[in-house]
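Engineer: Got a structure here, written out as structure tokens. Questions coming.
The values are calculated or read from the model by the stated rules, or taken from the named source; none is laboratory data. Note that the structure is a prediction, hence the values are computed from the model and not measured. Note that we place each Cβ from the backbone using ideal geometry, even for glycine, and neighbour counts take in every protein chain shown. Ligands, DNA and RNA are excluded from the accessible area calculation, which covers all protein heavy atoms including side chains. Shrake-Rupley method; radii C 1.70, N 1.55, O 1.52, S 1.80 Å.
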Amino acid sequence: MKIGELIGTGRTADVYALDEGRVLRRNRDQAHGDPAAEAAVMAHLARHGYPVPAVWPDDTPSPDSLVMQRISGPTMAEALLAGAITPDKAGATLAELLTRLHAVPASRAAHPEHRILHLDLHPENVLLTDTGPIVIDWSTAEEGLPGLDSAMSVLILAQVAVGMAVGLPPGAQEAVREVLCSLVRSLDGRSPLLLDEARDRRAANPTLDPHEVALLDDALRLIESITRTG
């Protein structure tokens, strides 16, 4: 297998071009995630019609990598910054993706209310294509209560809104806050947000620096304010 140019990089992994519209995602830290388990989750979701990239686990050259479909289209975050999608639409789309995900039956959980959880579903992990949004990066997926998954998405956005991401262009932080408001509104009446558990998980996330962890309480206060005012 000939590995091509580096086309993307994140906190824990790098993505390289391959042939025939495929990419290779390689974890920089072998302790982060299990590509084989991630491929199984994505295949299960695809069988139930959920929008994920196709995967080729049998073609994977090493245990720390995964071959998957190359998707054309900007991330939702890029589209927001370019003005190609409104914050209100972005929040509603995230809520719809969470709702659709939590309608898919779990593959192994014994608890009747458990579903597959992404646990990192935010605008940078949604690609906007001509055929609709596609959710990427399932390395944190597990099975559990839907309210935890939704709470993680809400909390991640709130952290950005109170200053987690540095170097954002003017107006971007306010746009993220508007996405957050739209997401909270769209999720109202669905599974209760398990914010305390989400906070504990975010605080224990080794990829967050001390500044980002310190913003969690401010993020929770922002969510409480949005929930209170509607």
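Engineer: For the chain, which whole percent of the accessible surface, found with a 1.4 angstrom probe, sits on carbon and sulfur atoms? Let's see the in-between values first.
Structural biologist: Details: 5920 of 11520 Å².
Whole-percent figure for carbon plus sulfur exposure: 51.
Engineer: Would the stretch 123-222 count as rounded, prolate or oblate if I go by the C-alpha gyration tensor, calling it rounded below 1.5 in a/c and otherwise prolate when a/b exceeds b/c, oblate otherwise? Present the calculation step by step, with values, prior to reporting the outcome.
Structural biologist: On the way: a/c = 1.28, a/b = 1.04, b/c = 1.23.
Note, shape of the stretch 123-222 comes out rounded.
Engineer: Just add up the charged neighbours of Leu148: K/R +1, D/E -1, any other residue whose Cβ is under 15 Å from the Cβ of Leu148. Working shown, then result.
Structural biologist: On the way: positive: Arg115, Arg190, Arg199, Arg201, Arg202; negative: Glu113, Asp120, Glu142, Glu143, Asp149, Asp196, Glu197, Asp200.
So the environment of Leu148 carries a net charge of -3.
Engineer: Related question: Give me the 1.4 Å probe accessible area per residue for the chain, excluding ligands and nucleic acids, in Å².
Structural biologist: Details: 11520 Å² over 230 residues.
Per residue, the chain has an accessible area of 50 Å².
Engineer: Moving on. What is the distance in Å between the Cα centres of the stretch 23-59 and the stretch 151-179?
Structural biologist: 27 Å
Engineer: Continuing with the same structure: Ordering Trp138, Trp56 by how much accessible area each has at a 1.4 Å probe, largest first, what is the list? Kindly include the intermediate steps, with their values, before the conclusion.
Structural biologist: Working: Trp138 5, Trp56 90 Å².
Order by accessible area, largest first: Trp56, Trp138.
Engineer: Still on this structure: Multiply the residue gap between Glu224 and Glu78 by 0.36 nm, knock off their C-alpha separation, and tell me the result in nm, one decimal place. Display every interim value, and only then the final one.
Structural biologist: Values: separation 146, 0.36 × 146 = 52.56 nm, distance 2.74 nm.
Contour length minus Cα-Cα distance gives 49.8 nm.
Engineer: Over the chain, what is the mean sequence separation of C-alpha contacts under 8 Å (at least six apart), divided by residue count, expressed as relative contact order in percent? Please report the intermediate quantities before stating the final value.
Structural biologist: Details: 363 pairs, mean separation 38.7, N = 230.
This gives 17 percent for the chain.
Engineer: Looking at the chain as a GNM with Cα springs under 10 Å, which of His211, His122, His102 has the largest mean-square fluctuation?
Structural biologist: Its mean-square fluctuation being the largest, the pick is His211.
Engineer: Subtracting the Cα-Cα distance from 0.36 nm times the residue separation, let me have the gained length for Glu113 to Asp19 in nm, one decimal.
Structural biologist: Details: separation 94, 0.36 × 94 = 33.84 nm, distance 4.07 nm.
Extending this stretch completely gives an extra 29.8 nm.
Engineer: For the stretch 1-107, what are the per-bin percents of Cα-Cα distances with bins 10 Å wide, up to the bin holding the maximum?
Structural biologist: 13, 36, 38, 13, 0
Engineer: Residues in the stretch 44-69, backbone N under 20 Å from the label point at Ile3 (7 Å along the Cα-to-beta-carbon vector): list them, ranges by number please.
Structural biologist: Residues passing the 20 Å test: 55-69.
Engineer: Further question: Among Thr131, Thr99, Thr60, which one shows the highest mean-square fluctuation when the chain is modelled as a Gaussian network with alpha-carbon springs under 10 Å?
Structural biologist: In the Gaussian network model the winner is Thr131.
Engineer: How large is the helix-only mean residue ellipticity at 222 nm for the chain, computed as the sum of -39500 (n - 2.57) over DSSP H runs with n ≥ 4, divided by its residue count, in deg cm²/dmol to the nearest 500?
Structural biologist: When only DSSP H runs of four or more count, the value is -13000 deg cm²/dmol.
Engineer: Compare Gly171, Gly144, Gly49 in a GNM of the chain, Cα atoms joined below 10 Å, and give the one with the largest fluctuation.
Structural biologist: Answer for the Gaussian network model of the chain: Gly171.
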